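Notes follow the structure.
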Amino acid sequence: MASKEQPVCQIFSFQDCKTSPDPVYELPSQGLAPTPIPIVIDNGSFQTRAGWAAPTAEFDSPQLQFRSVAARSRGAARSETQIGNDIPSLEPLRWLLKSQFDRNVVVNFEIQELIFDYVFTHLGIVSEGSVEHPIVLTEAPCNPLQCRQMMSELLFECYCVPYVSYGVDGLYSFYHNNSRRNIQPPHTGIVLSSGYQCSHILPVINGRLDAVNCKRVNVAGSQAASYLQRLLQLKYPGHLGAITLSRMEELLHEHSYIAVDYQEELEKWRSPEFYEREVHRMQLPFSGKLPGGCVTVEERQERRAQQLRRLQEINARRREEKLQQDQERLDRLMAIQELLEDGLLDQFHKNLVDLNMDSAEELQSYINKLQLAVEQGRQKLLQSDGVEGRTEVPELEQPMDEGDGVALMDPDFPEDTLPEKPANVVQPVFNMAEYHQLFVGTERLRCPEILFQPSLTGEDQMGLMETLQYVLARYTPEQQGALVSNVFLTGGNMQYPRMKDRVERELLALRPFQSNFKVTMALQPALDAWYGARDWALEHPAGGYREEVEGWISRQDYEEKGGEYLSEHCASNVFIPMNIAKPVPARPIEPSVTALTSTGGSAAVTMVTTGLTPATNSMVSS
């Protein structure tokens, strides 16, 4: 009978990629002539991507891609701050890392200014005077007006940019892919966008975002990485320091996948053959040297002999110290006894009191004991020098150093007391490499699953598809059919294998029987937002002979309409201004002389003073 082949285990190593600093590019020759080239910045919570909106092949991709973090210690100068790729490894500086984002909304504009400085400097722009290039910047869906106002204030007041355009990253990716598929505008569909901090459901009706029905799910890539880190730290408590957040992100990007049917996939992992075939063993770095590992009999005997010699040296040194102390004490007592022989009774009795002795007989008795102890100590030293390997330890009054062993403290302890195992007995060999391996099994699908089931991490909210069902229920059946005919997946957290199949399966269960729908994945889910913003900037140039350009906010618009103003376009948010009623100052009422009668004078005065301005009121009171 043929033996069954053992499944080949898959062993992987962590890349632990270290970033290298970005080069400082030169400003392109056509950067300012005939018109300044726009700068496209995809301001993401995980990565920032920046480049030029130029039609040439040289600028066909973002020139800068770096993590949206800054490492700045408290009290450090701006020049000492490390940004993005200037940080080779994030883990040593994890406690110093700061981001400009809270969830997916920019709130820390001091860090945002450092990010802009980094982008402009590495693109070859001197930002000390002003940045003469229009800026295309991504923002969060339904971005708060206060955050947009602060961003516009930073760009117009600090960098003096001529134009700014804001758009949603998911919508830029949506329109970029629709143009690549030759779908004519206006576009209708629903965008499922999942990034690092949160996920969004963005319905688009006739080319415009339906902001009223947009929904956000606070589960995305960072929550999956934290969940994976907790699972592996509970599974391997001996490797807590090696299970870092950067390695968990690498596991998610390279080794995780989405289960089309979650329960059915978990049942497959119950099979030992399936487990051995699909588990990924992640090898941690380790040292091949084993403390106290496989040691031969000769090495063990040599080590024991060294410990015995060390004990002998310690005992001999302590005997010498004790003999020296006893000899000094004996010399002092003999000197006191000589005082009695010389007749110096006062000094003799004074020294006896210091020694806490009552009589000369007690002193003589103590001298005799010390003389005996000194003589015995000298004999023991001579005996230990002549006979090696046998020592007496009655004088050891202090505990020995750690590691010496209780058995080795006995000088008569035989070296062969511990029985040696026969040489022909096969002992199990400790596999140090396997001990430093992380077996990543069901974690490969459990962590991405929180996008559909946030309850796995204890989050009390709906998953992505349940939220999609809630959004679709707010439309008419005709609108629902138009929306599901173009379901678009984008964002870095959508790059898991089988993600499209899982969404199609969930939609099949949500939609009515025999209804049609179509799910499309972005060509490059993480980069298509930047490509879409670049395409939009090329199709809608800023400035020119027109005073107002669709989608662009000029400095004049900023000064006249406020920092929260947004010029809408096909990939932007919907601008809903806050109409705050300003109090109208009341006009002062001239007092009537005829009204001040003797009977109603006080009431008239009260009526007049309540309608006066504060300045007039003070004059009346004076």
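The values are calculated or read from the model by the stated rules, or taken from the named source; none is laboratory data. Just so you know, these numbers come straight off a predicted model, no measurement behind them. When we count neighbours, we look across all protein chains shown, and the Cβ atoms used for this are built from the backbone with ideal geometry, even at glycine. Just the protein is used for accessible areas: all its heavy atoms, side chains included, with ligands, DNA and RNA removed. Shrake-Rupley method; radii C 1.70, N 1.55, O 1.52, S 1.80 Å.
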Considering each residue of region 336-365, count those that are in contact with a helix residue (DSSP H, G or I) (Cβ under 7 Å, 6 or more places away or on another chain) and among the small types (Gly, Ala, Ser), and give that number.
1
Would region 319-329 turn up any residue that is aliphatic (A, V, I, L, M) and either open to solvent by 70 Å² or more (accessible area, probe 1.4 Å) or more than 30 Å from MET432 (Cβ to Cβ) (or both)?
yes
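I need the full set of residues from region 366-383 which are over 12 Å from MET334 (Cα atoms) and free of Cβ contacts under 8 Å to residues at least 60 places away in the same chain, in order please.
If the condition is that a residue be over 12 Å from MET334 (Cα atoms) and free of Cβ contacts under 8 Å to residues at least 60 places away in the same chain, then LYS369, LEU372, ALA373, VAL374, GLU375, GLN376, GLY377, ARG378, GLN379, LEU382, GLN383 are the ones that fit.
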Requiring at least 2 residues that are touching a Phe, Trp or Tyr at 6+ places or on another chain (Cβ under 7 Å), of a type outside the set (Phe, Trp, Tyr) and not assigned by the TED database to the domain that holds GLY238, the helices (runs of 4 or more DSSP H) wholly within region 250-348 are 297-342
Filtered residue count, region 149-189, keeping only those that are open to solvent by less than 10 Å² (accessible area, probe 1.4 Å), not in a helix (DSSP H, G or I) and not hydroxyl-bearing (Ser, Thr, Tyr)
5
Exception for LEU308 within (1) of a type outside the set (Val, Ile, Thr); (2) within 30 Å of ILE243 (Cβ to Cβ); (3) touching a Gly at 6+ places or on another chain (Cβ under 9 Å) falls at (2)
Total residues in region 499-528, condition under 15 Å from LEU192 (Cβ atoms) and touching a residue at least 60 places away in the same chain (Cβ under 8 Å):
10
Say whether the condition of being out of contact with any His (no Cβ under 9 Å at 6 or more places or on another chain), of a type in the set (A, V, I, L, M), at pLDDT below 90 and open to solvent by less than 60 Å² (accessible area, probe 1.4 Å) is met by at least one residue in region 63-85.
yes
Can you tell which of VAL136, VAL212 is within 23 Å of VAL549 (Cβ to Cβ) and aliphatic (A, V, I, L, M)?
VAL136
What pairs come out if I take residues in region 473-486 that are surrounded by 13 or more Cβ atoms within 10 Å (Cβ to Cβ) and pair them with residues that are in a helix (DSSP H, G or I) whose C-beta lies under 6 Å away, six or more apart or interchain?
ARG474/ASN213; GLN480/LEU472
Take LEU489 and tell me if it is open to solvent by less than 60 Å² (accessible area, probe 1.4 Å) and either assigned by the TED database to the domain that holds LEU251 or out of contact with any strand residue (DSSP E or B) (no Cβ under 7 Å at 6 or more places or on another chain) (or both).
yes
Of the criteria (1) open to solvent by 50 Å² or more (accessible area, probe 1.4 Å); (2) touching a residue at least 24 places away in the same chain (Cβ under 8 Å), which one VAL212 fails
(2)
Is there a residue being farther than 26 Å from SER194 by Cα, in contact (Cβ under 8 Å) with a residue 60 or more places away in the chain and buried (at least 24 other Cβ atoms within 10 Å of the Cβ) anywhere in region 553-568?
yes
Within region 307-331, work out how many residues are of a type outside the set (Lys, Arg) and under 17 Å from GLN371 (Cβ atoms).
8
